[in-house]
Structure formats: structure tokens, C-alpha cells
1. Looking at (1) over 28 Å from SER491 (Cα atoms); (2) open to solvent by 10 Å² or more (accessible area, probe 1.4 Å); (3) in contact (Cβ under 8 Å) with a residue 60 or more places away in the chain; (4) of a type outside the set (Ser, Thr, Tyr), which one does ILE357 not meet, given that it meets all the others?
2. Which of (1) open to solvent by less than 20 Å² (accessible area, probe 1.4 Å); (2) in contact with a Lys or Arg (Cβ under 8 Å, 6 or more places away or on another chain) is the odd one out, the single condition ASP363 does not satisfy?
3. With the structure loaded, tell me whether GLY416 is surrounded by fewer than 24 Cβ atoms within 10 Å (Cβ to Cβ), assigned to a helix (DSSP H, G or I) and touching a residue at least 40 places away in the same chain (Cβ under 8 Å) or whether it fails that test.
4. Condition (residue is charged (D, E, K, R) and more than 27 Å from LEU206 (Cα to Cα)) applied to region 132-141: is it met by at least one residue?
5. What is the one condition in (1) touching a Lys or Arg at 6+ places or on another chain (Cβ under 8 Å); (2) aliphatic (A, V, I, L, M); (3) within 18 Å of ILE538 (Cβ to Cβ) that LEU570 does not satisfy?
6. Among the helices (runs of 4 or more DSSP H) confined wholly to region 510-576, which include 1 or more residues that are among the polar types (S, T, N, Q) and farther than 21 Å from SER482 by Cβ?
7. Just the residues that are in contact (Cβ under 8 Å) with a residue 60 or more places away in the chain and assigned to a loop (DSSP other than H, G, I, E, B), please, taken from region 44-56.
Amino acid sequence: MINRRRFAAYVLFPVLLCFAVTPAVAQRRGPEIPDFTRGDAIPDGYNHDWNLGPTGARGWIYSNRMETTEARQILITEVESGSPADSRLEPGDVILGVSGRDFSYDPRTELGKAITAAEAGTGLLDLMVWRPQGDSGNTGDVTLELAVKGSYSETAPFDCEKSRVIFEQGCEVLAMQMTQDPRRGNRIARAYNVLALLASGQEEYLPLIREQVSDFARFTDPRGRMLHSWYYGPANLVVAEYTLATGDTSFMDDLERITMEIVRGQSDVGSWGHRFKRPDGRLNGYGMMNAPGLPMILSLVLARKAGINNPELDEAIERSTGLIRFYVGKGSVPYGDHAPWIETHDDNGKNGVAAVIFNLLGDHEAASYFSRMSVASHGNDRELGHTGNYFNLLWAMPGVAISGPNATGAWLEEYGWYFDLARRWDGAYRHQGPPERGNDSYNEWNSTGAFLLAYAQPLKQLYITGKQDDVVSPVSHELAESLVNDGRDYSHRTKHEAYDVRTDEQLLQGLSSWSPVVRERSAIALSHREADYESTLIEMLRSESLNSRVGACQALQKYGVLAEGAVPALAETLDAEDLWLRIKAAEALAAMGDAARPTIPKLLAMLASSDPENDPRNMQQRFLCFALFNRGEGLLSRGLNGVDRDALYAAVRAGLGNEDGRARGSLASVYQRLSYEEIEPLLPAIYHAVVEPAPSGEMFADGIRLAGLDILAEHRIEEGMQLCIDVIEFDRWGQNDRLPRCLRTLQKYGRSAMPVVDELEEILDDLWVKEDPKAKPEQIDLLEETIAAIKDAEDGPDLRSITDVE
């Protein structure tokens, strides 16, 4: 039974703390909503305005926490000469509503839908406009004449005249822009603009396209091994798709060169980051980044299809697609080598690219899953994107279209207003960005190609626009509507309030959804209820439906200590055949605290084991590291009393060999809770974890290495002194944090560290001579302090070699 009395002890105090409004929270909430009819101005720093569809006007709309839903006015900021709004609107005007009615909800959505309706009818767009005059102003009706384009069909962009007109007009303006300035704009956006023109299949554009392909075919990053990966995927896609579409093999040598540069820049685990791998096979900085990585994977698949034949290419595709396929059924493809993303149905368009990739590879299950996630992603979901939503919009329709015309039609019925609002009066598109106070990283990007690729799907001229037959059966109209509905009822501003008003029955049904996002949102809302569903969730754990069992684990994790009666059933679930179900059961047990301690022997044994055939990346091991050892959350993070030491050692040794840096890092909690005698059997594994950093999760890989240096120093391990210097790595990201830790640890060796003083002095001299910009004055001071401390020390500990304890 869920014990609500215990709720106060575990939950009430943190909840009360959340009610205190900090300045940061107030900043996120935004300023007061301005009323422009009373003379209010745009708040300082809030400079994001919007294209207002094919009117030729731009306008500012109040936003709060990634939404414009609280706004009821649009302040005109710009009117283009010759556009429908010219002489009808002027900067300073305020749009208050459409069709004789005040705005009643999000004015962006209302205006976008009004534009859609006007283009489907007479072309007349009726606006309620307030115009400042003298000390006050006047409100009146203004009618703009838009070009009639017809309605979106039920299967748009398929069998849709409006989609055809939009695409053809957009291609004309793209061709004109490229002719006037062939190198205009960001290289990534330009690549997708070229692909949109190529997707038309029109021979008249081929000379212009070929000129662009020639430029992209010459692409290489001049920085040697530190190649910038963001530009490689789009460039290679242009060359590969052109070759496949035209049969022109002129650029095959360039296609092979770019392809193999990508292949040889892949990390040892199959990933790419901001840049390509380092000589040691690992990535720099943040590590794996799927936003640039997925277009590169797609380009490799297409390069092979175009005729590039190389075993290294085959191996690279297999490695990288293996990384991405893990997320099938579990969530969206995340930022990097992280847990599946379950807050939204897509994350910066990565599910859409994945759907295209797996469709080309003939993987029905993966293509279907990622396509359905794309269909369910609209509205608030599509507003998101790391540093902006350009890619979230670019890859939306290519992913949706794999589920067929009913899916595309239902999706555009839901979200077509956004596309119509983004379209300029000349048929081009400028990046809109998310509803934030300022402009995002893609501001001013020419997004015409990104939007036109959606309307190019029916032509099937490119592989990213459906040239290859889909391996996914088209969904029915009813299923398409259901998938779109799965993406509703979420708000950046109010979060899960819409789920909170769902009935208990609806939430329980949501726990069995195909969608990990619906399951998670349902689990959160259900945990807010007073009703006791512990027995129902335990029953779901034994369901024949895998989704139901995983959903029950998600809900029980949210209940945590309140549902400790589910521990025996969760313990049984640890033996399930499905990998992800076992992991979710372990996470739910971790949330139950002391009540789940009887399962620790089982969890330790699972962590120590491996299954290379079914779990090649040791994901079970990775997530069990978190469930057992994460600071403040893991079952063992607060104490090791009663834990069998041999079982613990086996699990820690296995975890220290996991390829994820963050998983390894969680084991530092063990270091701090074992006596020197107890930790001695682990010293060889600790030493090797310092010498060999994790091949993935690079952002977090230093934590366990630095913790290991501390332990080696405490145990007087001689080799630890040299490692303190080796780990500094001035030329690698994060050295500002590593250097102080390494030098402080080295000082613990006292006079015994004299053998490495010469190397420290060389580092110091090198920094002074080069005037290295990475070296801060306080770092130089610390180097000098460490050298002096070692030289001035009267003695040091007697040292022993790591070989003495191996």
C-alpha cells in the first residue's frame, strides 16, 4: 500500500522549498505582459520578433518560458515594401485579433490558422488593429489580400495542390537567391537549400545545383585531426544525393574522400562530437553529439548506396547505427551518449533523421518507432532544440512521411499553421526560432530548404524525400490521429498540468502506451494522486505487455519510498528477458531506498555480469552503476554496511571498465566509504581506470580519474605521482578543473615527489615562454606553489608500486 503519511517526511520539505521564488526563477517567468495600447514598450532584452506569414510584416509577441500562450497582442515591428501589408500596416500597429474577434489563446497559433483559412478561401485576412494616434489610439479592421493557395489535403503534402504551389514558389526564390549570391548564408543551411532544389527534379536548376555541389565536394576542414563535424554531414549529403539523383559520377572521388574522413573521424565507440576523434580514439570536450552525428551517419549510408565500397565504411555504419538503435522503444535520441530522452517526442529532429536512416537500412522496427515519435512531435515539442529549433523543423516531415500520407496529413492538420506563419510573402523562409527572450544561434539562417523538404516528399526525387520505398506500412487515418494526439497536452510553461486533469483510468492506460513520453507523463501525474494504485501497478508488472511492465516501473519509480510493497515484484522483474525492463525495475528499486536493500546482492551480481551478444555496450552495467552508486540516489551511496565485499569488488571492477565516463564516475562514492584495508584489493582496477579514461561520456570521464588519483596518493602508490602530471593534459578540454586537483593531490606525496619536479618545472617554463592563453595566473601560481611545497617538504611517505598489490 502506498503510505501517504511517509510522503511528508520524504517529499513535503523539498516541495516547500520549491515555493520560494528565486531571482533566477523570476527571470525565467519573464517580465509583466506589456499592453501596447497603453503605451508599454517591449521589455529590455526581449528582441525576438516573428515573421507573420505571407503578410510581409513582422511582429513582436510576449513569451514566457518557451511559450506565447499568455500574449494577446502582436506589435508590428517591420513591414516590407510591396508586400500585402504595405500601406495597410505600419510599425507600431498592434494586432488584437482576427476575423472580428480578440485573440483568445496563443496569437501565433490563431494568426497562423487564420492565414491558413484565408489562403484556402478568398485570400482575405481580416485583422483587428490598434493604431497609435495622438495621446491614445484607434482600433479598426484591416484586411490584407493574400494569394489563394487552397487547403491542405487530408494527406498533405501528398495529393495536395497547396503543397505543390508552396514548393514550386519556394524553389523559384531559392534559385534566384543562389544565382545572385552563390555563397550566401551559413554552409549548413545552404546545403539543405541545395537539396531542396535538387528534390524538385527540375532540369532547369541543375547547372545552379552542380555549381553548388562542386563547392561542397571540395569541403574539408583544414585543422587536421581536429575536424569540425557539423559541416561534414550536410556536405556529404549534398554530394551523395546529387550523385544518386543524376547519375553524374564526376564527384565520386570527392564523395569517397569526404566519406572516409568522416569514417576515420569516428570515435572508437562509433560517435562524433563537435569535432572528430583524437589520436587516442576518444572525443574532445562534450563527447558524443548526435545532432551532427546523425546526418553524418545518413550521409555514410547514402555514400555506400552511391557506390563507395570500403570495409571501414561498413564497420562505421554498423557501429554508429548500433549506438542509435538502442533508443528504439525507450525514448528520443538524446543529446549525446545519455539515457533515452523522455520529456518530448523528438529532440532537435534526431528521431526524424534516425527514421530515415533505418528506413534506408530496411530496419522496419526502428524506422517505424522513430517515425511514430516524429508524428507525435508537434507544437511545444517542435519549439525545442539545443541552441534553437532549426533541425527540429528540418527533420520533422522526413521522419513523419515514413508513416505514410495519413500521418503527414494529420500532422499538418495539427501543425500546418506554424509552416504557414513561417512562410514569407515571397515564398522564402527565415528561421523563426523558439519563443525565447532573444534570438537563438540560427537567427538569420535561410530556412527555405528546411521547410521545402517537407513539401518535396511527394516527388520522391531524393532518398531523404522518400525515393526508396518505405519498409513501414502506411498507418491508417485513425492511427495517425492517435499518434498526433499522443503529442498533445504538454506545456513548457505549465509542464504536466494537462495530464494532472486526466482521469485515473486515462493515466493508467497511458502507462501502457507505446510512447515512452506518454508513459512518463502519465507516471508523473499518477504519482500526484491520493488514490492507492500500488496493487494495480504490481499487477501490471506481470502483464504480457512489455509497455505496461515498463510503464509500471516508471510509475513505481515516481512513487519511490511510498510504494515499497512493490519491492518483491520488482525483484522478480530483474529476471525479465527484456534489457530495458530490467534496467527500469532497477531504477524503481533504487528510488525505494532502504526497503530495496534485500535486492542489493542481486543487483551487484547483475552489474558484475556481461552479455556481449545482447548487450554489447554493457548498458545494463551502466545504468546499474547509477542505481547502486549515484551520489545521494543510489542504494549504496549512503552506506555499505552488510554488503558482501567480494560481490562489491566484482561489481566495482566491472563498473570501472564500463565505456561510459559518467557510469564510472558514480563509483567514486565507494572510494569514500571503504577503509584503506578494504579498498586495497581494488587498487589495480582504480589505477587502470586512471590510466585508461572511458571511451565515451567524455564530459564526465575525469571525475573517477581524479578520485582515483586521491586514493593512489593515500595509499602511497608511486605511479600515482606521474599520473598526477599526465592527467592535467593542458591541451584537452576541462584542464581548468583538472590542474588544481592534480597538483593538490601531488603535494600529498611531499618530498617523495622530487623525481617529478623537473617535469613540473618544464611545464611551468613552457607556459611562460609560450604565454599560453589557456594558462591563468592562478594556475601558474599553483604550479610554483606545488614545486616549492615538494622541495621544501622535510620528508615524504614510503612509496610502493602498484605491482606490489596486483
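1. (2)
2. Only one criterion is unmet by ASP363, namely (1).
3. Against the criterion (surrounded by fewer than 24 Cβ atoms within 10 Å (Cβ to Cβ), assigned to a helix (DSSP H, G or I) and touching a residue at least 40 places away in the same chain (Cβ under 8 Å)), GLY416 qualifies.
4. yes
5. Only one criterion is unmet by LEU570, namely (1).
6. So the answer is 534-541, 546-559, 567-573.
7. GLY45, TYR46, ASN47, HIS48, LEU52, GLY56
So that you can scan it fast, the table gives a plain yes or no per residue for (1) surrounded by fewer than 21 Cβ atoms within 10 Å (Cβ to Cβ); (2) over 23 Å from THR116 (Cβ atoms); (3) touching a residue at least 12 places away in the same chain (Cβ under 8 Å):
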position: ALA422; (1), (2), (3): no, no, yes
position: ARG430; (1), (2), (3): yes, no, yes
position: GLU436; (1), (2), (3): yes, yes, yes
position: GLY449; (1), (2), (3): no, no, yes
position: LEU452; (1), (2), (3): no, no, yes
position: GLN457; (1), (2), (3): no, no, yes
position: VAL484; (1), (2), (3): no, no, yes
position: ARG488; (1), (2), (3): yes, no, yes
position: SER491; (1), (2), (3): yes, no, yes
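The values are calculated or read from the model by the stated rules, or taken from the named source; none is laboratory data. The shown structure was predicted, so the numbers you read here are calculated from the model rather than taken from an experiment. Note that we place each Cβ from the backbone using ideal geometry, even for glycine, and neighbour counts take in every protein chain shown. We work out accessible area using only protein heavy atoms, side chains counted, and drop any ligands, DNA or RNA first. Shrake-Rupley method; radii C 1.70, N 1.55, O 1.52, S 1.80 Å.
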